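To keep things clear, I will list the structure first and then write my remarks on it.
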Amino acid sequence: MLTLTDILEALTGQRVHLADLVISEAVVDSRQVIPGALFVALPGERTDGHLFVGEAFQNGAVLALVQREMPSQFVTLDLSVGTLSPETTLPDALRLGQPLCLRVKDTLAALQQIARFWRSRHQVRVIGVTGSVGKSTTKELIAEVLSQRYRTLKNTGNLNNEIGLPLTLTRLGSGYQRVVLEMGFYVPGEIAHLCEIARPQVGVVTLVGTVHAERAGSQEAIARGKAELVQALPPAPEGTAILNFDDPWVRAMADQTRARVLFYGLDPAADLWADRVESLGLEGIHFRMHYQGESLHVRVPLIGFHSVQTVLRATAVGLVEGLSWGEIIRGLTMSQTQLRLVAVRTASGALILDDTYNASPESTLSSLNLLREIPGRHIAVLGDMLELGPYEREGHEKVGVLAAEVADELIAVGELSKMIARAARQAGMPPERIHWVPETMQAAKLLTTMLREGDVALIKGSHGLRMDRLVAALEVME
């Protein structure tokens, strides 16, 4: 496990055995501190982590990274010059079990440097996962498959950025053999920076969509940002890029890497491909998988036709990492991975597909196709999709056209969703079956009046609309 000696070496380049103080984990939220934790005080727009150093120590932290002058009651070792003096000795307070502050120039940069150093000390295989849609589910399923043979570390939740990824790497210990890291993208250079810290040998790219185009500028810019993962991979045979053959943006990344390329998809031209895909509704999916002349019939508990792509990604990683088919299939069929969408039955007997975590045109189209696969009267409750930039109108209109085809009733929520409603009407959906409301709670009231036994209602929208409150309110109203 990470120790104070390791941290000092990471930050100064000097291995000075001041103490064998073991760090349980690193956190940036004082409320999440457990005994033995390293608390990283990050300055932010809304608050400043330095204000919570005392609370972190009270909750059991033994060490804090700070970049500001701390009050005199905190024992501080100054590392802001980047070196340790030969005369440096362990503060008496630490010997007595009192917590210690390490002052650095930049706490985020220091956290990243610690993670970079700690990653370099471990001979593990790292799998990086990126893409506009499906990163988290893919990461979870890959970890499930790899854990059939290897002790596997993964980033939890959405810890996929310049803060979360280093926090995950600090949890590395000698027992881990594989690490699966989701890598988020907001601005150019971000994934390259994460790769420089994590040094992945395998890179998985799901697809290039339009989410975050408002920040990135265009789908081309998003593709360039995602390609930073495959560009960072080591040459073959050590490095492998696992790419979606069905997405032209991702397929083109094969020309941007020195690594071996393994294509997956629904096209027989891919190295690993699937056909005869059958949705079993809430019971999962069944399909046939092909690789190097072998064919296997697979049934997995993931729901929705689109989930076959997730299965192919996890299978590809399993094959690259040397797992047997038996291990891979066991990992797939035992998986409880269905992170985003939750199916719940209401008191009236209706089925709610709660997919309220977030929304992009690509993920919403997939969810609508899942709605189509489940028998019943279909109600689509669709909110604004944010951060689409120049693809805002096109994205909402595509969703509206499919909603007209799939849904018996449409409730559009939010100002941008007017484009969904308009496109649905233009696609032939009767106006009396299209409803628009400005905010989430009005949608909850309207949906409550509609629901009856046998209905299936999909609820989806960007996180900013807090459509999860609609699901919670629905339970109360029912």
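The values are calculated or read from the model by the stated rules, or taken from the named source; none is laboratory data. A quick note: this is a predicted structure, and the numbers were derived from the prediction, not measured. Glycine gets a Cβ as well: all are built from the backbone with ideal geometry, and neighbour counts include every protein chain shown.
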*In this structure, is MET289 over 30 Å from PRO390 (Cα atoms) and touching a Leu at 6+ places or on another chain (Cβ under 8 Å)?*
yes
*Meets criteria (modelled with pLDDT of 95 or more and either touching an Asp or Glu at 6+ places or on another chain (Cβ under 6 Å) or surrounded by fewer than 17 Cβ atoms within 10 Å (Cβ to Cβ) (or both)) for ALA37*: yes
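Matching residues to (1) under 18 Å from VAL208 (Cα atoms); (2) touching a residue at least 60 places away in the same chain (Cβ under 8 Å); (3) outside any helix (DSSP H, G or I):
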{"residue": "LEU229", "(1), (2), (3)": "yes, yes, no"}
{"residue": "PRO234", "(1), (2), (3)": "no, no, yes"}
{"residue": "GLU238", "(1), (2), (3)": "no, no, yes"}
{"residue": "ASP246", "(1), (2), (3)": "yes, yes, yes"}
{"residue": "ARG258", "(1), (2), (3)": "no, no, yes"}
{"residue": "TYR264", "(1), (2), (3)": "yes, no, yes"}
{"residue": "TRP273", "(1), (2), (3)": "no, no, yes"}
{"residue": "VAL277", "(1), (2), (3)": "no, no, yes"}
*asked:* For segment 1-15: of the residues being of a type in the set (A, V, I, L, M, F, W, C) and within 15 Å of LEU172 (Cβ to Cβ), which is surrounded by the fewest Cβ atoms within 10 Å (Cβ to Cβ)?
replied: MET1
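Listed here are the residues, each with its yes/no results for (1) within 20 Å of ARG125 (Cβ to Cβ); (2) surrounded by fewer than 21 Cβ atoms within 10 Å (Cβ to Cβ); (3) of a type outside the set (D, E, K, R).
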| position | (1), (2), (3) |
| --- | --- |
| MET183 | yes, no, yes |
| HIS193 | no, yes, yes |
| VAL208 | no, no, yes |
| LEU233 | yes, no, yes |
_segment 108-128, residues that are over 13 Å from THR170 (Cα atoms) and not in a helix (DSSP H, G or I)_ = GLN123, VAL124, ARG125, VAL126, ILE127, GLY128
*Is there a residue being farther than 19 Å from ARG393 by Cα, not in a helix (DSSP H, G or I) and not charged (D, E, K, R) anywhere in segment 408-418?*
no
*asked:* Residues to consider are ALA380, ALA404; find the one that is assigned to a strand (DSSP E or B), of a type in the set (A, V, I, L, M) and out of contact with any His (no Cβ under 9 Å at 6 or more places or on another chain).
replied: ALA380
*Hey, among the residues in segment 283-307 that are outside any strand (DSSP E or B) and modelled with pLDDT of 90 or more, which one's nearest to THR138 (Cα to Cα)?*
GLN292
*With the condition kept exactly as written, say whether any residue in segment 209-221 is without any contact (Cβ under 8 Å) to a residue 40 or more places away in the chain and either among the acidic types (Asp, Glu) or not in a loop (DSSP other than H, G, I, E, B) (or both).*
yes
